[in-house]
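Please treat every number below as a calculation from the coordinates, not as lab data. Computed from a predicted model, the values in this text were never measured in an experiment. Methodologically, a virtual Cβ is constructed for each residue, glycine included, from the backbone with ideal geometry; neighbour enumeration extends over all protein chains shown.
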Amino acid sequence: MQDKRSHRVAFLAHCLLNQNAKVPGLAGRPAMIEPLVEQLLEAGVGLVQLPCPECLRFGLGRPLGEDVREQYDEPAYRALCAELAERAAGEAAAYLAHGDRVVCVLGVEGSPSCSVERVPTRAGLVPGSGLFMAAVAEALRARGLALPILGVPERGDLEPTLAALRRLA
């Protein structure tokens, strides 16, 4: 049998592949971000779904609340994010050691946990990362892994993200 794997993977924030994990009222699609998934599949990139720290800590029925970084910024949540990020960085390192290429890590812009470039705070949308993506970036850095981390908009134009993925994949 001939092995047909591409040796390329991308790590995706949980809700990009499962909109059912979103805070009630915030899912922009019925199942997943289809154009993003289609682009990665067409490019032959395997998908690694990151865990959702919000679901794990607060459950699927967590209330919307303010949906800002400060809402989740507590020691237990930060510890969970760090633990999950370390696992993800370890998995990325394992793929790389196996000779695979980690194309990127994809977060979700507008999320208090998974934003990459602009995070919602009580002061408004400001430059910075969500709590989980900040922990992922730190865990990757600690292992000496320089992987591209891109933010996918929750709503609106996906084309800039898709164009970036075409360049990376």
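Of the residues making up the range 113-127, just one is part of a loop (DSSP other than H, G, I, E, B), in contact (Cβ under 8 Å) with a residue 40 or more places away in the chain and either out of contact with any Asp or Glu (no Cβ under 6 Å at 6 or more places or on another chain) or acidic (D, E) (or both), namely C114. Out of all the residues in the range 47-68, which are of a type outside the set (A, V, I, L, M) and either more than 23 Å from M32 (Cα to Cα) or surrounded by fewer than 14 Cβ atoms within 10 Å (Cβ to Cβ) (or both)? Result: G59, G61, P63, G65, E66. From the list V152, V119, the lone residue that is among the aliphatic types (A, V, I, L, M), within 28 Å of E42 (Cα to Cα) and in contact with a Leu (Cβ under 8 Å, 6 or more places away or on another chain) is V152. Screening the candidates A13, A94, A43 for the property of being of a type outside the set (D, E, K, R), touching a strand residue (DSSP E or B) at 6+ places or on another chain (Cβ under 8 Å) and surrounded by fewer than 16 Cβ atoms within 10 Å (Cβ to Cβ) yields one hit, A43.
Return yes or no: is V136 outside any helix (DSSP H, G or I) and either under 24 Å from V37 (Cβ atoms) or of a type in the set (F, W, Y) (or both)? Taking the combined requirement at face value, the residue does not satisfy it. Just give me the residues in the range 129-143 being touching a strand residue (DSSP E or B) at 6+ places or on another chain (Cβ under 8 Å), surrounded by 21 or more Cβ atoms within 10 Å (Cβ to Cβ) and either farther than 22 Å from C55 by Cβ or aliphatic (A, V, I, L, M) (or both), in sequence order. Passing the criteria: M133, V136, L140. Of all residue pairs spaced 6 or more apart or on separate chains, those with beta-carbon atoms under 8 Å, a first member in the range 1-12 that is within 15 Å of L41 (Cβ to Cβ) and a second member that is among the small types (G, A, S) and assigned to a loop (DSSP other than H, G, I, E, B) are S6/G44; R8/A43; R8/G44; R8/A169; A10/A169.
Scanning the range 113-128 for residues that are over 14 Å from E70 (Cβ atoms) and buried (at least 21 other Cβ atoms within 10 Å of the Cβ) yields C114, V116. Screening the range 69-78 for residues that are farther than 20 Å from N20 by Cα and in contact with a Leu (Cβ under 9 Å, 6 or more places away or on another chain) and picking the one that is surrounded by the most Cβ atoms within 10 Å (Cβ to Cβ) gives R69. Of the residues making up the range 64-91, those that are in contact with a strand residue (DSSP E or B) (Cβ under 7 Å, 6 or more places away or on another chain) and either part of a loop (DSSP other than H, G, I, E, B) or free of Cβ contacts under 8 Å to residues at least 40 places away in the same chain (or both) number 2.
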